[in-house]
């Protein structure tokens, strides 16, 4: 089985972030790291693939400046190889044009199963995985909290507001996983040392048979027209508990119609 | 020249950081105060191979060097979990055994250092010898198939949780100099005739200190490391890693302290402004930051020199001196920045004092390093 895991490399969320004043999108220069939400997908892929039995886990990513730090982290966790698409022409891509580019890259890995996070931790659009599935003509199952692979099928517990649906679908297919689907492993020292020698194929837009006018800002239908600061959080109310604190708690919860 | 760490070193730092952050300083102090051991943290680090990074690959280790082991310890310190055990078991003992052990000895011990299943203590210090290793009085006498060890060792860390101890003994006298000839033995801590007594110390750390009494302890001859009488050269091979690792631990504590202090100074507001805006707060912290970063740079250089097979003695001494002083300065200023909170248990600073202060004295004192630098780096007359 060929498992492809979509991996996004993002600016470290713990470091101060800034928006480009012209495009109003996140500045993504400098070192990027593996998006935490993708670590779940990588772990899921590693658990589903029987690597000793010849199954292959391939990472696919798109990032500026040939950035590979996040991919190396996922390779250190145990993935077999990686494909990186990096090209100046990709600057300003929206979710759909990203999906078009990665669809071309993913086809090369002949996937039986594609895994992606529900959404990224920097852009949060949450639309890329289903766009990708549509472009590849594959069924997609979103919000997986449990994934098992059987004889040519994938069975998913799909998280809903009320509980979960059990969904089965034939492979090949795309599945998006929620945080907590599995507990991501830490890279071991042997994994870290092996990561550098694993195959990492770097592709340009031309390598994928695409034209620069179809991708990046030129190929995007979406544009950020305005950005405004989030409302400051209002100061909370401090209640001195003199034995009657629970009454405030009950009143507060009633106001929110929670009880 | 390139001062950046390799991609592998950065990933190692990050992976150790993720594990240590789950435990944190409250775990460390809770174990220390209750007399518990940090087995959960140790086992998790060991399972990922992080405690055997410097053990040769052919014995199942990571095949890298003291640079990588120093990164592991520094990141543990940065998270408030400075495990002294790393300075001794993998850094001193595994290094000496990998370098001087026979093939059988390497096969016996190194795979278990690689998995960190083996914890080995190191015994050189004696009540009456102090820093003078030539005056070691613990003796090893050949008796048929065994050696008999007699004497006392002092301030032996974690002799309770270790399986064995690497002991520096006097096994004869050099006729030409009159000095003792040293030999190293790996001795099981449950050997008959070997007694240990706890030394109460004012250090909040999970590792305990002991006096070891060797009363005619029988040690099989195959536990002699390398060649009899070659001990001084063997010991010196382990002492530079010990200094470099002590520096790395101090650097971790320095960074831990500065992180706590700067977070507090940004958030703590008195008279309507964060206290970090006042130069009385910010300048001493900035100075401490510079000193910690300088110490890290020298530690990196010392580790790199050692791993490259160059003479690391001078750099290792510089690093240990600078790192111990910088860590003490940073911790002191972090406590000061916290006002009264600096002494409260909750803020996790004052409890670090004993361990950090120890590093000004051990494994080699500030004064002995200054003697070394005066004599060797500046070619001043020998003082002792």
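The values are calculated or read from the model by the stated rules, or taken from the named source; none is laboratory data. Predicted model only: the values in this text are computed from it and were never measured. Don't worry about glycine lacking a Cβ; one is built from the backbone with ideal geometry, like all the others, and counts go over all protein chains shown.
Residues that are within 13 Å of another protein chain (Cβ to nearest Cβ) and surrounded by fewer than 17 Cβ atoms within 10 Å (Cβ to Cβ) within segment B:18-31 comprise B:18, B:21, B:22, listed in sequence order. Kindly list the number of the only condition in (1) out of contact with any helix residue (DSSP H, G or I) (no Cβ under 8 Å at 6 or more places or on another chain); (2) at negative phi; (3) without any contact (Cβ under 8 Å) to a residue 40 or more places away in the chain that fails for residue A:112. Tallying (1) out of contact with any helix residue (DSSP H, G or I) (no Cβ under 8 Å at 6 or more places or on another chain); (2) at negative phi; (3) without any contact (Cβ under 8 Å) to a residue 40 or more places away in the chain, residue A:112 fails exactly one: (3).
Selection of segment A:217-240 for residues being surrounded by 10 or more Cβ atoms within 10 Å (Cβ to Cβ) and over 26 Å from residue A:95 (Cα atoms) yields only A:239. Residues in segment B:97-126 that are surrounded by fewer than 21 Cβ atoms within 10 Å (Cβ to Cβ) and not in a loop (DSSP other than H, G, I, E, B): B:98, B:99, B:100, B:103, B:104, B:105, B:106, B:107, B:108, B:111, B:112.
Is it the case that segment A:205-220 has a residue that's modelled with pLDDT of 90 or more, within 19 Å of residue B:14 (Cβ to Cβ) and in a loop (DSSP other than H, G, I, E, B)? Scanning segment A:205-220 turns up no residue that is modelled with pLDDT of 90 or more, within 19 Å of residue B:14 (Cβ to Cβ) and in a loop (DSSP other than H, G, I, E, B). Within segment B:272-289, being over 35 Å from the mean Cα position of the chain (by Cα) and within 15 Å of residue B:339 (Cα to Cα) holds for B:274, B:275, B:278. Can we say residue B:224 is more than 17 Å from the chain's Cα centre (by Cα) and at pLDDT 95 or above? The answer is yes for residue B:224.
On the basis of being touching a residue at least 24 places away in the same chain (Cβ under 8 Å), in a helix (DSSP H, G or I), more than 20 Å from the chain's Cα centre (by Cα) and more than 14 Å from chain B (Cβ to nearest Cβ), does residue A:194 make the cut? Judged against the criteria, residue A:194 is not a match. Would a scan of segment A:181-198 turn up a residue that is at pLDDT below 95 and touching a strand residue (DSSP E or B) at 6+ places or on another chain (Cβ under 8 Å)? Within segment A:181-198, one or more residues are at pLDDT below 95 and touching a strand residue (DSSP E or B) at 6+ places or on another chain (Cβ under 8 Å).
Checked against the criteria, residue B:169 counts as closer than 16 Å to residue B:238 by Cβ and touching a helix residue (DSSP H, G or I) at 6+ places or on another chain (Cβ under 8 Å).
Residues of segment A:43-74 that are within 14 Å of another protein chain (Cβ to nearest Cβ) and within 21 Å of residue A:103 (Cα to Cα): A:66, A:67, A:68, A:70, A:71, A:74.
Take the conditions surrounded by fewer than 17 Cβ atoms within 10 Å (Cβ to Cβ), more than 24 Å from the chain's Cα centre (by Cα) and not assigned by TED's automatic domain parsing to the domain that holds residue B:102 and apply them to residue B:180. Does it pass? No, not satisfied.
Residues in segment A:63-82 that are in contact with a strand residue (DSSP E or B) (Cβ under 7 Å, 6 or more places away or on another chain) and surrounded by fewer than 23 Cβ atoms within 10 Å (Cβ to Cβ): 7 in all.
Assessment of segment B:345-357 against the conditions (assigned to a helix (DSSP H, G or I), farther than 22 Å from residue B:252 by Cα and in the same structural domain as residue B:260 (by TED's automatic domain parsing)) yields no matching residue.
Of the residues making up segment B:57-83, those that are without any contact (Cβ under 8 Å) to a residue 60 or more places away in the chain and away from every other protein chain (no Cβ under 13 Å) are B:58, B:59.
Summed over segment A:152-191, the residues that are within 12 Å of another protein chain (Cβ to nearest Cβ) and surrounded by 15 or more Cβ atoms within 10 Å (Cβ to Cβ) give a count of 8. Among the criteria (1) at pLDDT 95 or above; (2) within 12 Å of chain A (Cβ to nearest Cβ); (3) farther than 25 Å from residue B:110 by Cβ, the one residue B:7 does not fulfil is (1). Scanning segment B:127-161 for residues that are more than 20 Å from residue B:220 (Cβ to Cβ), in contact (Cβ under 8 Å) with a residue 24 or more places away in the chain and surrounded by fewer than 21 Cβ atoms within 10 Å (Cβ to Cβ) yields B:127, B:131, B:133, B:134, B:135, B:137, B:152, B:154, B:155, B:160, B:161.
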